[in-house]
Structure formats: structure tokens, C-alpha cells
Amino acid sequence: MDSQQEILDRLAEGVREMDEELAVQASYEALENKIDALTAINQGLVVGMNEAGFLYEQEEYFVPELLLCSDAMYAGLDVLSPHIQRNTAESKQKVVIGVVEGDTHDIGKNLVKLMLEVADFEIYDLGRDVPAVDFISKVKEVGADIVCLSTLMSTTMDRMADVIELLKKEGLREQVLVMIGGGPISQAFANRIGADAYSENAIGAVKDAKRLLSEKRVAI
Amino acid sequence: MNAIPKDEMTPKERMAAFAAGKAYDRIPCMPLVGEHACRLIGATVSSYSHSARLMAEAQIKAFQTYRTDSAGIGPGLFGIAEAMGTKLTFPQDGMPYVSEPVLTDWNDFERLAPVDPHKDGRLPLYLEALQIIKDAIGDEVGVGSSVGGPFTAAASIRGTERFLKDLRKNTEMAHRLLKLVTESALRYIDAVCELGLKPSISEPTASGTLISTKQFREFAQPYLKIYADRIKERCGSGPMLHICGNSSRIWPEMVELGATILSLDNVIDLEEAKNMVGDKACLAGNVKPIDTLMKGNREQVYAESKECLRKTYDSPKGYILSSGCGIALDTPPENIIALMDAARIYGKYPIEPDRWDN
């Protein structure tokens, strides 16, 4: 019988090497070997996804590879998730995410969503072409800590400012952090519309989310 | 404020001199006007997109307003995919987008066929509009038609996310699809050339932001070369090629496949481009469409245009002042006029770099 570490390594390998079959097979092995499902996810699949993220930062991987790693990761999660012993007392940080109104390009948004999930955030994905008001109602409904806004098109960038304005109008701006990203977005644009962070890619978004939340905690 | 020198040549005369290496009056200027033109005639994007008459009227008006050094209209990013069966959504007054890619299942591949540009999708509308534009202003300006590149078209037929995964999981089918869209595009290119006009290529999805250089070489370059070869064969010179985002890693490939003008995104440093490939292709770019052209004022447009000129005016194969990407719909026309004026003032020949100092 394989050691726990060998199985965890195979979980990571399946994700990192875009091998969906291996990720699924190793997930079943983990269950058969009584490895805790959460451990298998966090020390197996998530490790693989983080390694993929590292390869992306090194420009070894590009978007096609990340998409396939993410498929392998979700395939493993499908096997493992039903077996998680949830500790309901522990509350996660909540993120509302979506592509702003008028834009349907959602690859970048999906990658950010995945990396935030991997980093143990609770995600509320509103999808694409999302009106500003829908972001606001979801923030209110779930008491979100962060809103992530994405767009690939220069023509729809200003919809991000609309969301921030509406948050202000509703008196929610102080309680929620706003992170933005996408092709035409820059730090200068983030400054101008008053967003809390601009992230260049999905890996950066996770770092920014953690940094902003820890700064906010210090501030409070 | 500087007096704005009047143009001494028509755009057509200027570009002929430019291409022949003869003297001309000022740096050429070709903002990527696109759908913004419909704002000049008060038409919505969706009505414009479905009427050859409105497309022609808008683009003629844009030329008359700005006196750009190129004019025309084309199927752009999605037109070829649409003509092959992909469904687009046309928001009342926003940019169209792909809502239903036609080939979500490879089993349906055999149902796809190369387009007939005189019948399929909205391609006949573009050809009709091009004829009207040519008749109206073709003696003054080169009229062209921008067609989406093979990678962009294939991604719109499969759905971008699916197609990116295909590069690794269904390599053979990806190539078959690329061959098929290339055949479609060649038919459209031929139809444009029959009108005596020259196509250009826009290939945003093959951006270095999405795929690696290796993937560009395998899945985009060979098919782009087929486009470029056909355009060269029919028109006598290679096309302009626009790729969005960071294209620096693939400049040598863009030149190698036969592009004679590289249209560069505003994330690019023109000086770096000049140093790397300026001796092999003319460069065009790259004033920021949003920060400067949409939200800036005349002074900001001048300042950034001067910066572009400073970096690139002496690029060996020439330089064309342009926007770094498509002009946003609601860009104030004054700012596009300011861009043209920047070419007239600061790009007037003989170039005197002192003119850019303040």
C-alpha cells in the first residue's frame, strides 16, 4: 500500500500535469486509504494547482495549460468534496466575483475564482455580463468581504466605476474591498476609480486579496 | 497653440509615397476607428451592424471628419465565424459578442463548410458597404477590410476556452479547424481583392497574454502566413497585422509570416519594437485608446503622440501614428481630430525633433 504522501503527490501531479484521469484515480485512492478528504484536497490537489500557478508565473504555462489544470482539479474535487467533514464553525472570507455588464469574456474571471477557491475563500460567482446592481445585492445578501470585478474590453471598463459608485451610494464601500483586473485594466485606472487593488493575473489576485484583508484587520 | 499645417497630399498620395520610399508631407495616421464611426451618424451599433448602407455612411463620414490615412470596414473578429454558424449577440448599442459558438462538439465538425462570402452571414453586407465606400472616397484614400485571423476565428467557432484546451487535448482537430477557417478567410480575402481593395488582419486571440510563443508558432503563424501570402499575391504587398496585448515575444514571427505593418497595442514600448523589428516592418501605434483618446483632452493626445513620435519616427521601415487598439465607441471626436492634428503638427516633414520639446 502506498504511503499517504505518495498519494498526495499523485493528486498534485494529476493537477499540475493536466492529467484528469490521474487526479480522479488518486482521489479514489485517497478515499480508500482513509486519507481525510480535506487533507487530500489541500495537501494534494491544491498543491498541484499552486505549482501550476508558479509555472504560469515563470511563463512555462500559459492559459491553455491553466485551464486544463483547473479541469483536473475540479475532477478531483468532484470525487473528494462529498466526503469533506465540514467544520461549520469556521467561517471563510467571502468573495463576490463577476464580469461587468456588457462583457462576456470570462476566462480570466474563472481563473481568479479558481485560485481564490484554492486559497480557501468562499466564492459567489455571478458569471458574466453582470449589472452593477446585481453585485450590490449579492454583497448585501452574503455580507461579502471582497468584490472582484473583471473585464477584457476597454469599452466596458467604466462599468467597474459604476459598481464602486453604487457601493458608496448604498453605504457599503467601507465594509467591502474592491479588486479589479482584466486586459485593459491598469494600476492607474484602479487608482482613478478608487478600487483597492489591481491584479495583473490570478496568482496576483490571491496575494492581493490576502494582503488587503490583513491590512484591513490591522486597521480595525 | 501651434498653427495646424494643412495636409498637402491626399491619404492615397501620401501612402503611395510612403510605400515607394518617396517624400511625403507628414507621418501617416490611422486610428482604428471601427464601430465608433456609427456615433458620427447617430446610428446604434446593432442597426449599423446589419445595414451595408449605414456601415458605408458611417465610415465615409468618419473619413470626411478625420481624414485618416486608411478607411474601410470588415468582418473583424467574429465575421468569419458568424458566417460559418456561430451566433453573435448584438446588444442594442454595445459591441457584439459571441453567444453561441457553432462547434461545441467535435462530432459536428463535418457539418462545417468554408464560407461563400457573397451569401453567408453578414459577409455580403461588408462587401456591399466596401463597394459604396470605394465609390465615394476610394480616389482619395486606400480602402481596406479588416478580417479576423485564423486563431481568433477558430476560437469563436469552438468557444475560446474550449479551443485553448484543444491546443493540447485535440491537436489534430484544432489544426483541421484552423485549415477550414483559413479556407473561409481566403474566400473572403479574394472577394475583397476582386473589389480592388486590400484586406488587413486582426488576430487578438493569438495574444502572448493567452498562449506561448511555441503555441503561436504551431497554431497561428502557419495559417496567418497563408492569409498574408494570398494578400501579397493579390495586392502586391503584405498586410497590416494587429495583435492585442503583449506581442513582443512573437514580433519576429509576425514579420516572418509576411506582415508589412505591425499594429501594436498600447502595452508595448515602441522603442523596444523599433530596436527589435523596426528594420523589418513598419510599426503602427500606440496611443492609449481609453486613458488618452477617450478620457483625455487635446493636450494629452498631443503629449502622447509626441512620445510615440520621439520613440519611432526614425524606425527604418517607417512609422504610422495610430491608436494602440480599437477606438472606444464613445470617444469624443475632438480627440481623434487632435490625434490627426498631432500627425500634422509634430509629424510634419522634414521631422524636427525640437518641435516636440514643449
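Values in this text are rule-based calculations from the coordinates and carry no lab data. This is a predicted model, so every value here is computed, not measured. All Cβ positions, glycine included, derive from the backbone under ideal geometry; neighbour counts span all protein chains shown.
Some points to look at:
- For the range B:111-192, the fraction of C-alpha pairs farther apart than 20 angstrom is 42 percent.
- For chain B, built as a Gaussian network whose Cα springs stay under 10 Å, the top-fluctuating residue of B:Leu321, B:Leu88, B:Leu224: B:Leu88
- Counted by Cβ distance under 12 Å from B:Pro332, the other residues give a net charge of +1, where Lys and Arg count +1 and Asp and Glu count -1.
- Sorted ascending by nearby beta carbons within 10 Å, beginning with the fewest, A:Thr104, B:Thr182 become A:Thr104, B:Thr182.
- For the range B:14-123, projected area of the alpha-carbon convex hull averaged over all directions, nm²: 9.2
- Size-normalised alpha-carbon gyration radius of the range A:4-83, reference 2.2 N^0.38 Å: 0.99
- As a proxy for reagent exposure, ranking A:Val163, A:Val142 by other Cβ atoms within 10 Å from fewest up yields A:Val142, A:Val163.
- Distance from the C-alpha centroid of the range B:275-317 to that of the range B:74-137: 32 Å, rounded to the whole angstrom.
- Projected label points at B:Glu218 and A:Ser91, each 7 Å from Cα along the beta carbon direction, are separated by 4.8 nanometres.
- Descending principal axes extents, the range B:69-146, alpha-carbon based, whole Å: 49, 28, 18
- Nearby lysines by direct alpha-carbon distance to A:Lys210 (threshold 19 angstrom, same-chain neighbours under 8 apart not counted): A:Lys92, A:Lys94, A:Lys109, A:Lys113
- Taking chain B as a Gaussian network of alpha-carbon nodes connected by springs under 10 Å, the highest mean-square fluctuation of the residues B:Ala81, B:Ala191, B:Ala37 belongs to B:Ala191.
- Residue pairs, from the table B:Lys134/B:Lys317; B:Lys6/B:Lys348; A:Lys138/B:Lys87; B:Lys61/B:Lys288; B:Lys198/B:Lys225, whose Cα atoms sit over 20 Å apart: B:Lys134/B:Lys317; A:Lys138/B:Lys87; B:Lys61/B:Lys288
- The shape of the protein assembly as shown can be summarised by an equivalent ellipsoid whose semi-axes, obtained from the alpha carbon gyration tensor, come to 44, 28, 22 Å from longest to shortest.
- Value of Rg to Rh for the range A:111-220, rounded to two decimals, is 0.92; Kirkwood radius and Rg both from alpha-carbon coordinates.
- Total formal charge among the other residues, if their Cβ is under 15 angstrom from that of A:Glu17, Lys/Arg +1 and Asp/Glu -1: -4
- Counting only other chain Cβ atoms within 10 Å of each residue's Cβ, the peptide B:163-169 averages 5.
- Relative to the compact-globule estimate of 2.2 N^0.38 Å, the Cα radius of gyration of the range B:11-356 comes out at 0.94.
- When each of B:Phe151, A:Phe54 is scored by the number of other beta-carbon atoms lying within 10 Å, the sequence from fewest to most is A:Phe54, B:Phe151.
- The alpha-carbon positions of chain A define a convex hull whose volume is 128 Å³ per residue.
- nm² value of the averaged projected area, convex hull over the Cα atoms of the range A:50-171: 8.8
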